[in-house]
Amino acid sequence: MVIDSVTNNGLGYVTVVLQNAQTKLPVKSTLAKDNGTFELTAPAGNTYQLVFAFVDYKDKTIPVSSADPEINVGKVALSPSGKQLKEVSINFVKPLMKQEIDRISYDVQADPEAPALTALDMMRKVPLLSVDASDNILLKGSGNYKILINGKESALMAKNPSDILKAMPATNIEKIEVITTPPAKYDAEGLNGIINIITKRNLAQGYNLGLNGRLNSVFGPAANLNGTYKQGKFGLSAYMGLGHQHQPEAASGSTQNFFQQQSLLTQSGASTFTGNSHYGNVEVSYEIDTLNLLTASVDAFGNKFVNNSNQSSDMTNSQGVTNQYYYLSNVNNSDFFGFDASVNYQLGFKHQKGRLLTLSYKYNYSPDNELNDNSFSQRINYPQALAPDYQQYNNSGSKVHTFQVDYEHPLKKLTIEAGAKAILRNNFSQYHVDDRDSVTNQYLTNPTQTNDFNYYQDVYSLYNSYQLSLDNWAAKAGLRLEHTTINADFASTGSTVNEDYNNFIPSISLQRKFKFSSINFGFTERIQRPGIYQLNPFVNRSNPNYISFGNPNLRPELNHTFELTYSNFAKNSINIGVSYAFSNNSIQNVSGLQVTTVGGKNDTVTTTSYQNLGSNSTLGLNINTTQNITKHLTINLNGQLNQVWLQGAYNGQFYKNRGIVGNAFTNIGYTFSKGYRFGFNAGYFSGNVTLQGKSGSGTYSSPVISKTFLNKTATIALAVNNPFSEFQTLRSSTTTPQYYTSSFNQGNVRSFAIRFNYRFGKLTSDIKKNVHGIENDDTKGGGKSTGGNN
């Protein structure tokens with residue numbers, strides 16, 4: 001065992017060489033383990049000596065007797081050399097981006113702005129990614145993707161990923177991968193690809209702690225604590241955070257013109273938003289020996305939000321006379337919790353490095369409880385018999401068990417991967433509406449708006465893939481077979497849904513590598529299985545004139561994607577890509593009219609749900625470049641431009657829409673002396689095109705100044721989000737043969753923020769982590785985010 005002569009603690013990774021005592025030629029060599037122990041085996045009958053070498057320590061040589069078959073040299077103490085290297089200046093800029101055969105990775109730790117930004121801010125810099133004014137993350141301009149944390153589906157991303165990423169500092173993240181041609185080992189879900197967020201897990205001998213915080217004038221405070229610890233064969237990594245949001249009053253409204261009735265519905269209102277969120281992750285690793293590794297992790301996320309809103313609704317005829325009017329007050333209470341736990345066992349093979357067998361299990365539980373309390377006043381021709389005061393209850397969520405086995409077998413130029421997986425998923429929703437009785441003022445359950453919904457979806461899959469790596473060429477190809485069974489029942493209505501289907505999912509990636517650049521081609525098919533928010537038949541009546549609900553009969557959408565990319569990551573990096581994707585049974589959000597008659601009064605309601613409709617095709621161009629103008633000045637540009645074609649039939653009417661959508665974000669960073677840095681982030685997004693309409697454009701800007709101190713272990717930053725406008729209004733429109741609707745949502749976007757980051761500790765060596773694990777990327781990502789910038 002090698003020890004430090006001063007502390008008497010074991011020294012890991014010391015070079016130990018067994019030499020022939022006569023010739024001084026090396027016979028065997030090794031590195032001491034984390035605790036300083038080592039072992040060497042050599043032929044008997046010779047005379048040897050052991051030589052020990054370690055940076056900042058004096059070399060040591062001891063003779064070894066060959067008389068005994070087994071020799072214990074005891075504790076070998078190395079003394080510090082007392083010498084220090086002179087200051088070394090390294091003039092090299094670590095590249096931010098890397099183009100691999102099937103993905104682009106962005107090195108967050110190499111970005112000097114990371115200590116001053118949130119994880120959501122960092123998303124705007126990553127190629128192919130963008131963030132709109134509502135803080136929704138988009139991949140190639142679309143929300144059809146899957147977010148993974150460290151290659152696994154996580155409770156943190158279960159509902160509103162933007163809420164977590166706004167509260168999480170960028171310093172928690174190692175890198176962000178955009179996997180545009182997911183290989184066969186990944187589930188087939190995510191039409192436009194996978195976003196894999198890899199958190200800092202370079203655990204080491206010793207410990208490391210980091211503290212991050214934020215104070216925002218509009219969106220409130222947030223704090224984050226992260227740390228790593230390793231001792232011997234045991235390692236632990238953890239982070240946890242919490243945040244509070246209180247968004248001031250924001251206006252919204254809509255105008256709906258009914259053609260046949262020759263009437264106009266005008267709604268206007270305002271809302272406030274208050275809530276608390278908390279999240280955490282713990283990962284542990286135990287290295288049983290050099291071939292056996294056991295790891296486990298736990299993720300948890302929770303939020304409680306209260307949204308208070310009020311709204312006036314005025315229906316007028318062609319002469320402008322009010323036919324119907326009401327004023328609605330709504331209080332929405334939401335309590336969401338997400339939890340998952342996983343365990344992995346990895347087996348290595350003694351005579352072949354890189355050959356691995358991994359067994360994994362994962363459990364996920366994510367309940368969501370919501371209560372909407374609605375009360376009316378100032379009624380005109382809107383009798384209580386038609387719309388009484390009411391309360392909506394919805395207890396929904398999912399439970400998932402996942403079992404997986406992976407095998408990897410590397411050969412000289414070829415790597416073979418194979419595996420099997422079973423996902424057993426139960427989505428559930430129990431909801432009911434209680435109407436207020438006009439005589440007793442008591443709330444009574446409405447049996448026509450009550451349901452107990454269970455949706456069982458089991459996915460069984462096999463995969464096999466091959467990766468060939470040559471000097472200038474690389475190729476990866478694979479095939480995934482997925483068998484899906486669905487059983488859904490509506491306990492309140494006695495109806496059921498039973499079906500099953502198979503999908504063969506191919507993936508092909510080719511890369512031609514040059515000295516500083518590469519050309520990549522990829523083709524894959526992807527599935528978009530509907531998630532609980534699209535399937536849930538719960539009828540949201542928080543706005544009685546605009547009701548929405550899910551569709552439990554949705555079928556998965558199959559998408560075909562081709563892409564060609566050129567990347568150059570020399571001193572200045574550039575990434576340019578073109579892609580084409582199409583689907584013939586796309587899931588679309590569509591609206592229609594529903595007319596009901598209560599007490600002799602007609603009431604027209606607009607319904608919104610999801611349907612498998614027609615085709616969806618997208619031709620895209622994306623560009624990302626980082627220009628290091630000087631050693632102090634860096635400019636980054638990230639943009640996408642898509643031509644979208646949509647068509648499909650709904651309610652007997654054929655719809656066709658097309659348009660150009662896109663976004664562009666830029667970042668300018670300048671580094672001053674003494675640890676000061678200035679950054680300016682700005683962006684534009686054009687909105688989106690839907691089958692029946694479109695949404696409007698918006699802008700984003702944020703100057704940031706930061707200062708590092710305490711030997712670069714601490715950073716404080718001052719930021720102003722959208723300093724040029726206190727509010728931003730997003731507009732959208734819907735056109736059908738029956739009506740035209742124009743709506744707007746206003747958000748308070750100007751805010752001032754203070755962020756700080758501090759880290760301390762001593763790290764000396766890396767911890768082992770399992771290479772494979774469960775990656776449940778087979779369903780649509782989290783729900784729409786709320787909130788603003790941080």
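Extension gain for Y363-Y207 works out to 53.2 nm (0.36 nm per residue, less the C-alpha to C-alpha distance). Along its first, second and third principal axes, ordered by size, segment 599-657 spans 76, 29, 15 Å in Cα coordinates. Peptides 444-450, 746-752, ordered by how many other C-beta atoms sit within 10 Å of their residues on average, highest first, read 746-752, 444-450. Reported value for the chain: 178 Å³ per residue, from the convex hull of its C-alpha atoms. Placing pseudo-labels 7 Å out from each Cα toward the beta carbon at Y670 and L25 gives an inter-label distance of 6.3 nm. Checking the cross-link pairs K125/K230; K24/K233; K413/K513; K152/K515; K33/K362; K200/K233 against a 26 Å limit on the alpha carbon distance flags K125/K230; K24/K233; K152/K515; K33/K362 as lying beyond it.
Tell me, what is the per residue accessible area of the chain in Å², probe radius 1.4 Å?
45
Helices in the chain, meaning DSSP H runs of at least 4 residues, each add -39500 (n - 2.57). Divided by all residues, the mean residue ellipticity at 222 nm is -500 deg cm²/dmol. Considering only G280, N212, N292, and ranking their Cα positions along the charge dipole of segment 180-310 that arises from unit charges at the beta-carbon of Lys, Arg, Asp and Glu, the one farthest toward the positive end is N212.
About its Cα centre, the dipole of the chain is roughly 2740 debye, where the only charges are +1 on Lys and Arg Cβ and -1 on Asp and Glu Cβ. What is the distance in Å between the Cα centroid of segment 9-57 and that of segment 603-631? One Cα centre to the other: 59 Å. Rounded to the nearest whole angstrom, the semi-axes of the ellipsoid equivalent to segment 337-409, taken from the Cα gyration tensor as √(5λ), stand at 57, 10, 8, largest first.
Per-residue extension of 0.36 nm, minus the Cα-Cα distance of Q653 and D500, leaves a gain of 52.1 nm for this segment.
Between I198 and I547, the contour length at 0.36 nm per residue exceeds the alpha carbon distance by 121.8 nm.
For segment 287-433, would you read off the P(r) tail past 25 Å as a percentage of all alpha carbon pairs?
59
The label-point distance for V6 and E100, in a model that sets each label 7 Å from Cα toward Cβ, rounds to 4.0 nm. Taking label positions 7 Å along the Cα-Cβ direction at both A77 and A385, the computed distance is 9.8 nm, reported to one decimal. Computed in the context of the full set of protein chains, the accessible area of the chain at 1.4 Å probe radius has 57% of its extent on carbon or sulfur. Projected onto its three principal axes, the C-alpha set of segment 517-654 covers 75, 34, 26 Å, listed from the longest axis down.
The values are calculated or read from the model by the stated rules, or taken from the named source; none is laboratory data. Every value quoted in this text rests on a predicted model; they were computed, and no experiment measured them. Cβ atoms come from the backbone with ideal geometry, glycine included; neighbour counts cover every protein chain shown. All accessible areas refer to the heavy atoms of the entire protein, side chains included, with ligands and DNA or RNA removed. Shrake-Rupley method; radii C 1.70, N 1.55, O 1.52, S 1.80 Å.
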